[in-house]
1. Based on DSSP, what percent of beta bridges with both residues in chain A are antiparallel, to the nearest 5?
2. Expressed in nm², what is the orientationally averaged projection area of the convex hull enclosing the Cα positions of the protein assembly as shown?
3. Work out the FRET efficiency for A:Ala246 and A:Glu118 from their Cβ-Cβ distance, taking R0 = 56 Å, and round it to the nearest 0.05.
4. Pop a pseudo-label 7 angstrom from the Cα along the beta-carbon direction at both A:Gln198 and B:Thr213 and give the gap in nm to one decimal.
5. Averaging over all projection directions, find the projected area of the Cα convex hull of the stretch A:75-123 and quote it in nm² with one decimal place.
6. Inverting the mean 1/r over all pairs of different Cα atoms, compute the Kirkwood radius of the stretch A:179-253 and quote it in Å.
7. Could you work out how far the C-alpha centroid of the stretch B:217-241 sits from that of the stretch A:176-235, in angstrom?
8. Quote the convex hull volume per residue of the stretch A:93-167, based on C-alpha atoms, as a whole number of Å³.
There are 2 protein chains.
Amino acid sequence: MAEASASKNDVVTAALLVIGDEILSGRTQDKNIGHVAGYLTGIGVDLREVRVVPDVVDEIVAAVNDLRRRYTHVFTTGGIGPTHDDVTAEAVAKAFGLPLGVDERAVAMLSRRVPPAEMNEARLRMARTPAGASLIENAVSWAPGFSIGNVHVMAGVPVIAQAMLDALAPRLKTGRKMLSRSLAAGLKEGDVGGPLAQVQARFPDVAIGSYPTFDDEVGFTTTLVIRSRDAARLDQAEAAVTAMLAEVRARLRR
Amino acid sequence: MAEASASKNDVVTAALLVIGDEILSGRTQDKNIGHVAGYLTGIGVDLREVRVVPDVVDEIVAAVNDLRRRYTHVFTTGGIGPTHDDVTAEAVAKAFGLPLGVDERAVAMLSRRVPPAEMNEARLRMARTPAGASLIENAVSWAPGFSIGNVHVMAGVPVIAQAMLDALAPRLKTGRKMLSRSLAAGLKEGDVGGPLAQVQARFPDVAIGSYPTFDDEVGFTTTLVIRSRDAARLDQAEAAVTAMLAEVRARLRR
């Protein structure tokens with residue numbers, strides 16, 4: 001909602017595509033969504049959508065093509081290892097209609113870890129990129145990710161995905177950072193909901209979120225999160241929410 | 001891939017739609033994807049896709065309509081609380097072209113927790129359902145979710161989402177369970193990749209996945225996961241993978 005007062009360049013958007021049967025079967029708990037989400041927020045990129053799809057070429061192609069047309073950046077995690085079920089590079093090349101080949105720069109990078117006697121066909125799968133891609137290095141495994149167009153292909157192993165995001169971030173187009181404030185309401189959501197909607201109506205350019213947490217000991221509690229790219233508007237909205245909370249608390253005490 | 005030998009009724013599919021700005025901003029770490037994924041696998045429903053979208057009606061409508069046409073079930077989490085940013089019920093009603101109204105059965109349920117003096121407009125938002133919906137109860141907060149068509153709308157708070165899934169599960173159409181075996185390869189993925197692809201080619205009806213994990217102490221290790229709905233084929237594929245692993249290990253020792 002903060003976009004209303006922001007110029008077009010202020011807002012840079014992204015989607016994350018998590019690729020892997022193991023996430024969908026529940027065998028592996030995803031750890032990339034939370035990290036990428038927080039990281040992008042921190043550098044001024046708005047994560048607008050996440051999808052998780054299986055290791056199936058056509059599913060990946062469809063998702064990549066849908067997402068890359070709608071967002072400034074698309075990040076993918078998973079499916080770039082050396083085994084037959086690693087089909088992300090192939091799918092991304094297909095999505096762009098580009099040939100996929102063994103990239104000598106990627107082989108050179110891989111060779112920093114893999115001795116010549118161990119460089120086999122499986123490991124060379126990790127060096128395949130679509131024509132025209134730039135590499136995303138990582139000093140953990142030395143098997144690179146790559147960027148092609150606005151799609152950034154990263155590993156699934158969280159520590160490697162994080163290293164790749166660190167390597168990639170300085171090259172990314174970013175926007176004006178979303179600022180946020182968190183307030184502990186000290187009230188139940190049902191008591192704060194009506195007055196909060198009125199504050200939101202007065203600040204249509206500021207996003208106000210309300211988040212319940214349930215605790216076996218204390219029952220329901222509420223955290224309010226106020227977000228805007230404009231520091232002055234953020235201050236005004238925070239003051240309005242704070243005043244409203246004081247009023248509701250006083251009313252409930254009566 | 002196991003579908004090849006399974007009759008149509010054996011395979012029941014699902015998508016999960018996670019709704020909430022707080023997941024996309026990284027403020028809240030999602031805990032529902034992993035739980036729902038493992039739960040559905042356990043009852044014979046294949047989770048095929050997950051999406052995370054913001055608290056924006058049109059985004060939710062588009063995702064619900066896309067997913068409900070492609071999968072047997074669609075589960076949603078988030079956005080059914082009492083505040084202005086809880087727009088899931090409205091969006092799901094809009095996706096189906098149905099009117100949204102306060103549901104007296106839901107009010108009765110809510111009243112088990114909320115005393116009459118506290119039943120305000122905000123709390124009544126939690127009792128809104130699309131016409132024709134059935135309720136999904138939960139004994140944690142007594143604010144119900146609902147099912148309409150093949151879409152099952154659940155809370156975002158994990159403990160409540162889990163209670164709702166428990167309540168809902170006995171009513172769900174389920175399929176033949178996917179069976180799986182996990183094998184610790186004791187080898188690097190790059191060494192097992194080639195021979196593993198050959199085993200996979202011999203068992204096109206069995207899904208074989210290879211998962212690297214990186215550990216600061218031991219470096220890269222590999223877990224192989226073999227999945228099929230057919231117990232006999234699973235046994236055969238497991239035996240083939242086990243034999244292949246023994247062969248690769250012997251070769252590397254030479």
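1. Numbers: 24 of 40 bridges.
Antiparallel bridges make up about 60 percent of those DSSP assigns within chain A.
2. Details: hull surface 100.0 nm².
That works out to 25.0 nm².
3. Values: r = 67 Å, r/R0 = 1.19.
Using R0 = 56 Å, I get an efficiency of 0.25.
4. According to this spin-label approximation, the distance is 5.4 nm.
5. Hull-based average projected area comes out at 4.0 nm².
6. On the way: mean 1/r = 0.0795 Å⁻¹.
That comes to 12.6 Å for the stretch A:179-253.
7. After rounding, the separation between the Cα centres reads 47 Å.
8. Details: hull volume 6.7 nm³, N = 75.
Cα convex hull per residue, to the nearest whole number: 90 Å³.
Read the figures in this text as sums done on the coordinates, not as results from a lab. Quick caveat, the model's predicted, so the values are computed rather than measured. For neighbour counting, all protein chains shown are included, and Cβ atoms are generated from backbone atoms with ideal geometry for every residue, glycine included.
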